[in-house]
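Colleague: Provided herewith is a single structure, encoded as structure tokens, for subsequent inquiry.
The values are calculated or read from the model by the stated rules, or taken from the named source; none is laboratory data. These numbers were taken from a predicted model, which means no experiment stands behind them. FYI the Cβ positions are ideal-geometry reconstructions off the backbone, even for glycines, and counts take in every protein chain you see. SASA here: full protein model, heavy atoms, side chains in, ligands and nucleic acids out. Shrake-Rupley method; radii C 1.70, N 1.55, O 1.52, S 1.80 Å.
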Amino acid sequence: MDFEVVDAATYNQRRLVGEFDISIRAIPALNPDMLLFSYLHPDNIAPAGLNSSSYSNPELTEKLEAAKVELDQEKRQKLYEEVQIIAMEDLPYYPMFGINYYWPSKQNVTGIHINKLSQVNFYDVDMN
């Protein structure tokens, strides 16, 4: 296999038409719905969204949509767990790694700048 690192515009153009054998992408997600809905819901099949594998499973979609509007946190968590189990059985994506972002949050920490990818530039961070 030949690996090719490309700029974002080229990546997105190729993703939209399915011009790849394998692809990798990371998306920051504080809310599980953001990540799961983006990659697994059929409404987001490329070019409409990030579902580049053209994945569609009616059972998963039903649970995902139910979780999105569920107010009971325990029921919502259970639905997201079920969504993830189905996704890992169907395996439309192969999870290779997880990224942890660390955000300084104590009151004596200043100079925090979090970019759109949820990353902190620690260069300007100071602890008073």
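Colleague: Given a 1.4 Å probe and the protein chains all in place, what does the accessible area of Tyr93 round to, in Å² to the nearest 10?
Modeller: Accessible surface of Tyr93 is approximately 70 Å².
Colleague: Calculate for the chain the 222 nm mean residue ellipticity that helices alone would give, adding -39,500 (n - 2.57) per DSSP H run of length 4 or more and normalising by residue count, nearest 500 deg cm²/dmol. Don't skip to the end; give the middle numbers.
Modeller: On the way: 4 runs with 49 residues, N = 128.
Helices in the chain give a 222 nm mean residue ellipticity of -12000 deg cm²/dmol.
Colleague: Let me ask something additional. Roughly speaking, to the nearest percent, how much of the chain's 1.4 Å accessible area is carbon and sulfur? List each step's numbers first, then the result.
Modeller: Working: 5250 of 9690 Å².
Using a 1.4 Å probe with all protein chains present, the chain comes out at 54 percent carbon and sulfur.
Colleague: Please state the relative contact order of the chain as a whole percent: Cα pairs under 8 Å, 6+ residues apart?
Modeller: Details: 111 pairs, mean separation 18.8, N = 128.
Once divided by the residue count of the chain, the mean separation gives 15 percent.
Colleague: Work out which GluC sites (Glu not before Pro) in the chain are exposed loop sites (DSSP not H, G, I, E or B, at most 13 other Cβ within 10 Å) and give the longest gap free of them. Mind showing how you got there, number by number?
Modeller: Details: sites that count: Glu4, Glu19.
Result, exposed sites excluded: 20-128.
Colleague: Compute the signed sum of charges (Lys and Arg +1, Asp and Glu -1) over the other residues within less than 9 Å, Cβ to Cβ, of Ala67. Intermediate values should be presented prior to the final figure.
Modeller: On the way: positive: Lys63, Lys68, Lys75, Arg76, Lys78; negative: Asp33, Glu65, Glu70, Glu82.
Around Ala67, the surrounding residues sum to +1.
Colleague: So, one more: Just how large is the dipole of the chain about the Cα centre, in debye to the nearest 20, putting +1 at every Lys and Arg Cβ and -1 at every Asp and Glu Cβ? Spell out each step's value before the answer.
Modeller: Working: 10 positive and 19 negative charges, 78 e Å.
In debye, rounded to 20, the chain gives about 380.
Colleague: Can I ask one more? Give me the 1.4 Å probe accessible area per residue for the chain, excluding ligands and nucleic acids, in Å². Can you show the working numbers first?
Modeller: On the way: 9690 Å² over 128 residues.
Per-residue value: 76 Å².
Colleague: Divide the volume of the convex hull of the Cα atoms of the chain by its number of residues and quote the answer in cubic angstrom per residue.
Modeller: Numbers: hull volume 18.8 nm³, N = 128.
Looking at the chain, the number lands at 147 Å³ per residue.
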